[in-house]
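Sharing a structure here in structure tokens format.
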Amino acid sequence: MNMPPNLSIVIVSYNTRALTLSCLRCLYGELRLSGLDQKSEVLLVDNGSRDGSADAVRAEFPAVKVIARGKNEGFGVANNRGMDQALGEWIVLLNTDAFPKPGALAALLTYGNSHPEAAVIGPRLLNPDGTLQVSCWKFPTPLRAWLDCFGLTVALSGHPFIGDYYYWPHDRQRYVQFVVGACMLVRRAAYEKVGGFDPRFFFYAEETDWQKRLTEAGWRIAFTPDAQVVHLRAASREDKATVNPHLYRGADIYMQKHYGLLGLLSMRLASILGNLTRMLFWSVVPREKLGQRKTLTAKTRQHGWVLLRQLTHWPVDRGKSSAGMP
């Protein structure tokens, strides 16, 4: 009689065939190296990819349980589908652009098994060149939006209340407010108690909201540098005139859900003033002198795009979903 797996790894894919296959090759190598291959299962939730991702995974990795969806339901909903079918006591949510380094999964499990109060454990994320990628943050609040607007979270980064984790070197185990969702070890008991991601968050802020709900339910969010994962997050491109609208929609939903309409309006006003100030600043910086005409023009246009979006994009989603399950 086969024993149920102790570890379930859930991966969500959407038109990332080559990247998904590379992620799975790295993952299975790590599972074999750590001796976890006989104690784990891998589930791929394909969000309606049109590039043959699901068939390619079935062909190369027949052991993977492929859950093919007919359309892109969003990142959070897809993870919920995977967690619903996962059998393990522990669940790893892994992005297709995240590659665990040797021993990473074992280190996450070691921490989780010795800290029963932790619902989510995040690893140390690295850029492809080996440099640190900031992966721990404090929960957004209307007040923090104003602090960010005036640059105080950066200027006073070491302050225990005002500062963030941005300049912290991510070099020791500690509890944090929330971790980036590129790779997270999740305790099944916490998932069963609180539920999954709120389906209103299509992409961005879903892991922030989820970890806030877990925290409010009495669980802790932890970070351990003993586990390291390379994350190929697309770097912010200076020549982009716009940013992903899902980012701002997620922020709107999060703020209104947790702080009401007044909290949302306060955050929007802070964003408007902050982007207006930055747009004006970058528009008057001498371009010829610095030799960065293209970069500075892009910065001006990007802040202008955000300013326009924050002034005109109304109303936001006012749904009342709180269970977090589709």
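For the chain, what is the number of Lys pairs with C-alpha distance below 18 angstrom, counting only pairs 8 or more positions apart or on separate chains?
Lysine pairs satisfying the spacing and distance rule in the chain number 10.
Moving on to the next point. At a threshold of 8 angstrom on Cα-Cα distance, excluding pairs fewer than six apart, so keeping six or more, what relative contact order does the chain reach in percent?
Working: 611 pairs, mean separation 64.2, N = 326.
Here the relative contact order equals 20 percent.
Suppose all protein chains stay in the model; what accessible area per residue would a 1.4 Å probe give for the chain, in Å²?
48 Å²
Taking all protein chains as present, what is the carbon and sulfur share of the accessible area of the chain, in % to the nearest whole number, probe 1.4 Å? Numbers along the way, then the final one.
On the way: 8960 of 15530 Å².
Whole-percent figure for carbon plus sulfur exposure: 58.
Please figure out what share of the DSSP beta bridges in the chain is antiparallel and state it in percent, rounded to the nearest 5. Each step should come with its number before you reach the end.
Working: 17 of 42 bridges.
Antiparallel bridges make up about 40 percent of those DSSP assigns within the chain.
Ordered by packing density, taken as the mean number of other Cβ atoms within 10 Å over each peptide's residues, highest first, how do 66-74, 169-177 rank?
Working: 66-74: 15.7, 169-177: 13.6.
Ranked from most to least packed, the peptides come out as 66-74, 169-177.
Could you pull out every whole DSSP H run in the chain that spans at least 20 Å of Cα extent along its own axis and averages 0.0 or higher on the Kyte-Doolittle scale?
Long hydrophobic helices here: 17-34, 245-284.
Which value, in debye to the nearest 20, gives the size of the charge dipole of the chain about its Cα centre, when Lys and Arg are +1 and Asp and Glu are -1 at the Cβ? Show your work: numbers first, answer last.
Values: 39 positive and 28 negative charges, 175 e Å.
Computed about the Cα centre, the dipole is about 840 debye.
Tell me the net charge near ALA63. Cut-off is 14 Å between Cβ atoms, ALA63 excluded, with +1 for each Lys or Arg and -1 for each Asp or Glu. Mind showing how you got there, number by number?
Values: positive: ARG25, ARG32, LYS39, ARG58, LYS65; negative: ASP37, GLU41, GLU60.
Summing Lys and Arg as +1 and Asp and Glu as -1 gives +2.
Which order do the peptides 97-103, 252-258 come out in when sorted by mean C-beta neighbours inside 10 angstrom, highest first? Please report the intermediate quantities before stating the final value.
On the way: 97-103: 19.6, 252-258: 21.9.
Result, highest mean Cβ count within 10 Å first: 252-258, 97-103.
To the nearest Å, what is the center-to-center distance of region 193-236 and region 59-81, using C-alpha atoms only?
Measuring centre to centre over Cα atoms gives 19 Å.
While we're looking at this one, here's another question. For region 186-199, take each phi angle, set θ = phi - 60°, evaluate the Karplus expression 6.51 cos²θ - 1.76 cosθ + 1.60, and give the result in whole Hz per residue in order, putting x for glycine and proline.
Couplings: 10, 7, 4, 4, 6, 4, 5, 7, 9, x, x, 6, 5, x Hz.
The values are calculated or read from the model by the stated rules, or taken from the named source; none is laboratory data. Not measured: the values here are computed from a predicted model. Ideal geometry is used to build each Cβ from the backbone, glycine not excepted, and the neighbour counts take in all protein chains shown. In case anyone asks, the SASA skips ligands and DNA or RNA and just uses the protein heavy atoms, side chains included. Shrake-Rupley method; radii C 1.70, N 1.55, O 1.52, S 1.80 Å.
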